[in-house]
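Take a look at the structure set out below.
The values are calculated or read from the model by the stated rules, or taken from the named source; none is laboratory data. Values in this document were obtained by computation on a predicted structure and should not be read as measured data. Here the Cβ positions follow ideal geometry from the backbone for every residue, glycine too, while neighbour counts run over all protein chains shown.
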Amino acid sequence: MPLRRHALAALPLVLLSSCADDAAEAPPEPPRFGRASVAELVAAMTLDEKVEQMAGASIATVNDLYLTPANERLDIPGFRMVDGPRGVRAGKATAFPVPAARGATWDPELEREVGRAIGWEANARGATVLLAPTINLLRHPAWGRAQETYGEDTTLLGAMGTAFVQGAQENVLACAKHFAANSIEDTRMEVDVTIDERTLREVYLPHFKRVVQDGRVACVMSAYNKVNGAYASENAHLLRDVLKTEWAFPGFVISDWVFGTHNTVQAAQAGLDIEMPFANHYGPALADAVRAGEVPEAVVDDAVTRILSGQMEGSAKPMAHPGDVESAAHRELARTVAARSMVLLENDGALPLDPASAGKIAVVGSLAAVARLGDEGSSAVTPTTAVTPLDGIAARAGASRTVHVPGPTLTAADEALLASVEAAVVVVGLGPEDEGEAIGMNGGDRDSLRLSAEDEALIADVAAIAPRTVVVLEAGSAIVVRPWVDGVNALVMAWYPGSEGGHAMADVLFGVTEPGGRLPVSFPRDEADLPAFDHTSPAVTYGFLHGYRHLDASGAEPEYPFGFGLSYTTFTLTNLQVSGFSPADRDIIVTVDVTNTGTRAGAEVVQAYVHPAASAVQRAPRDLRGFTRVELAPGETATVTLPIPAPSLAYFEVATGELVIEPGTYVIEVGSSSRDLPLTATVDVGG
Ligand code: BGC
């Protein structure tokens, strides 16, 4: 039985989610900070006062905020922390589409706006630290928290995570999590991830590096799991060597909650600055370890310097007003993001539906009448209202045109109705009972990538009768659709689309908006085509290849490749140009002309993949290294630029610890998905 079943289930969960309603009313007090510099404060603190700053105040929240201790004597305010990745987990807040959906927008500028909005709402609820973004690489789509991250590719993760952090940190400190190699949920508290140094550096860490160095994230949360034998919270290689020394991270590191810290001395020596949410292994035990000479006081001083610098930075943010939470602008942003995240996977012309016709639309499935917002673990958000698919479609098509057929089995009357409608929209998928953070009996990893037998049967039953069957999937990651997809006319991946999800869905189905999304995760034809996903073993090895890198190497045909998504219009790509490479240039500049060859406006995501023509070491067949999203009117052509950072051509040489760019020819493939790359150019890199 996985640890979560007995460990987290035993937690006083009421404390983990207290005071939800009070938070909506309580105006935050302005953060206070004395006039002294950080160095003066550290010099003035006793050892016990310093150590007190290095642990959370309690497992209980106050107005839904986790606190770290204030120090009245020295006027130190402490931190106020709040989750999370798709909105603020305090009182009522705007529920944005889950990060997997936002990954599907391939739109860092939009993600910056989402970060800014969530940061603003966090600030308005009185928080100084936002426990987001989650930027763990999606190694396998069965991972329960797949929905919390931006997908399977380090370049996409780095770009989206950096944009989120930059936006959020206008209003609050952000905390990138969970560092590192945290991509299995059921065994997260104990699993030892064995990973070779090249795989770690090239696949699992570059997006963290970018969020640290380009995003300048203030805080990093360590993971629960072990990496190569040491818990992430006491992993000196990860925290001290890589994060703080090599990457020169100036911020503070916090542990993951309750079960994330294990050993006082090892954690302190490794560079864990704050144990959250309360002093279990830190606190008096840490002070004793310093007095016993097991932890140098300099280690504590370094941690407290980082913590107080963070508090000073957090205190300098402008104050938002509680009334700004769930503003019309934030809901409108949630709607725009949701529409831009929806991925059109199949369409034989059934979509868009005709908004002007009088023909009835059957909206099928019990999920249609529910607003599925995603996981109910730490990333849960409670909006005041959320629009269901049924309500969104009825609002767009008119209530008299819209009929709900709940299923799961069809009555004779349902069958008669379905034979007479213009189209059936079947809404099926997953929910918190199927996937999510492993808390109590809910969530956790998936055992299968398929829909439930009930959902698959409902789709087949409807498709056998209705003149046009459109399936809308709600889920956090890939679904295997092979058993039923050939029987349907159109398929849309809607993810968990947030407060305004139903409206966004109707906008896409009726062609008011384009389905703007492209897959941030490969959809395999068969789960066996992916590397095995073991969510029961206490030890797992992470290989060099996963996702599209694995599918490309094995030659298995994905159902829908990474980067894929149809549009209501068509595009052509021509005139690929690639600037040469000289060691002094940071970027290789790729330009390409994109033309909208259809009759509707639409957006294309142009993607550039790179591989060396020859290499002394194992390489993936191709890696995404640049992308850009461009909106075009019918007939319009634009020249887009995709900079490819030169260091992204490199491999990590374990012997020297250096990134090495091998001399030789590099192939740059450009197109609309990892499997649709019509343009190729090469660039030569000298010795
Ligand atoms: C999760 C974190 C979250 C924390 C606080 C942990 O169980 O793994 O992502 O920020 O709880 O809620």
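Descriptive notes on the structure:
- Residue in the range 456-467 that is under 22 Å from ALA142 (Cα atoms), away from the ligand (no atom under 16 Å from the Cβ) and among the charged types (D, E, K, R) present: yes
- Condition check for VAL253: out of contact with any His (no Cβ under 9 Å at 6 or more places or on another chain) and within 16 Å of the ligand (Cβ to nearest atom): yes
- Out of VAL508, VAL492, VAL488, sole residue that is closer than 22 Å to ARG675 by Cα and among the aliphatic types (A, V, I, L, M): VAL492
- Filtering GLU313, GLU332, GLU326 for residues that are closer than 30 Å to PRO383 by Cα, in contact with a Pro (Cβ under 7 Å, 6 or more places away or on another chain) and either touching a residue at least 12 places away in the same chain (Cβ under 8 Å) or among the hydroxyl-bearing types (Ser, Thr, Tyr) (or both) leaves a single hit, GLU326.
- Residue in the range 51-86 that is nearest to the chain's Cα centre (by Cα), counting only those that are within 15 Å of the ligand (Cβ to nearest atom) and of a type in the set (D, E, K, R): ARG86
- Qualifying residue in the range 43-58 (condition: of a type in the set (Asp, Glu) and touching a strand residue (DSSP E or B) at 6+ places or on another chain (Cβ under 9 Å)): yes
- Tally of residues being closer than 15 Å to SER579 by Cα and among the aliphatic types (A, V, I, L, M) across the range 630-678: 8
- Flag for GLY103 being more than 16 Å from the ligand (Cβ to nearest atom) and of a type in the set (Gly, Ala, Ser): yes
- Of the candidates VAL387, VAL427, the single residue that is of a type outside the set (Gly, Ala, Ser), more than 16 Å from the ligand (Cβ to nearest atom) and part of a strand (DSSP E or B) is VAL427.
Residue-wise test of (1) buried (at least 24 other Cβ atoms within 10 Å of the Cβ); (2) closer than 30 Å to GLY78 by Cβ.
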| position | (1), (2) |
| --- | --- |
| ALA90 | yes, yes |
| LEU138 | yes, no |
| ARG145 | yes, yes |
| THR155 | no, no |
| ILE184 | yes, no |
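- Close pairs (6 angstrom Cβ cut-off, 6 or more residues apart or separate chains): outside any helix (DSSP H, G or I) in the range 267-289, surrounded by fewer than 18 Cβ atoms within 10 Å (Cβ to Cβ) and at pLDDT 95 or above anywhere: GLY271/ARG240; PRO277/ILE59; PHE278/SER58; PHE278/ILE59
- Taken over the range 484-528, the criterion of being over 29 Å from VAL381 (Cβ atoms) and among the β-branched types (Val, Ile, Thr) is satisfied by VAL485, VAL488.
- Condition met for ARG446 (surrounded by 20 or more Cβ atoms within 10 Å (Cβ to Cβ) and within 30 Å of ALA413 (Cβ to Cβ)): no
- Considering residues of the range 87-100 that are within 15 Å of the ligand (Cβ to nearest atom) and in a loop (DSSP other than H, G, I, E, B) only, the residue nearest to TRP495 (Cα to Cα): VAL98
- Any hit, the range 233-249, residues being over 28 Å from ARG291 (Cβ atoms) and under 20 Å from the mean Cα position of the chain (by Cα): no
- Test: residue in the range 621-635 that is assigned to a loop (DSSP other than H, G, I, E, B), touching a residue at least 12 places away in the same chain (Cβ under 8 Å) and under 28 Å from the mean Cα position of the chain (by Cα): yes
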